[in-house]
Amino acid sequence: MKSSFSTGYSRYVSLMKVILPTGILLSVGFAIGWPYLLSVGKEALSLIDSSLPEIRENRMIRPHYLSTDEKGQVFHVDADWAKQQTNNLANLTSPIGSMTTIEGQTFNLKAKEGVYDSQTKILNLEGDVILTSTDGYLVQTEKARVTFDNKIIEGDHYVEGKGPSGEIMAQDGFRVENQPEGKKVITLKGPSKVVIHQLKKPKDPNAP
């Protein structure tokens, strides 16, 4: 009969035959993989590199501003980029705005650039400004200002537009506002032209 010492020693030798090769393989693998791990670490750090323009210039990707007007109605402003000037002012790239009146009509606006003031709730738009409304109107100009609190859209540059009832053109700008009774009023500035589409009366089926 083998002694307990011999039995224990045999088990120790068998165990070391497994542990030593495994340890050697792990050491080699770690030595080979260490440079890769370092590169991954550097790559991860580069994602928060403070030298990047987005961080250095305090820019945001696809910002979304959501607020309410003085009557509690929700409006929102989105953009591809935003660069914060101050706590309240932000320069926007490809801004898009939307607001709804109490009567349920929605105005959508977009432009190449803009500046949004979250304190005064005013959005200034510049470059290919397009205004559309749910009642079928489309207005184009180069600059416009949107005051969300009182639902006023206005501009001082040449403007043209068209809709179900006609076409408009004004040399010195426009102003769109809603009256208390719910009517939309468009004021044209400077030399202007208005073309009204004549509505055809439905034909009387009893007429000869």
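Each Lys and Arg adds +1 at its Cβ and each Asp and Glu adds -1 at its Cβ; summed about the Cα centre, the range 57-196 shows a dipole of about 60 debye.
At an R0 of 41 angstrom, the distance between the Cβ atoms of residue 167 and residue 87 translates into a FRET efficiency of 0.45.
Cross-chain or 8 or more residues apart, Cα under 12 Å: how many lysine pairs in the range 57-196 fit that? Count them up, please. Number of lysine pairs found: 6.
Counted by Cβ distance under 12 Å from residue 154, the other residues give a net charge of +2, where Lys and Arg count +1 and Asp and Glu count -1. Between residue 76 and residue 147, the modelled label-to-label distance comes to 2.6 nm, taking each label 7 Å out from Cα in the direction of the beta carbon.
FYI, it's all coordinate maths here, none of it is from the lab. Since we're looking at a predicted model, the values are computed, not measured. Cβ: placed from backbone, ideal geometry, glycine included. Neighbour counts: every protein chain shown.
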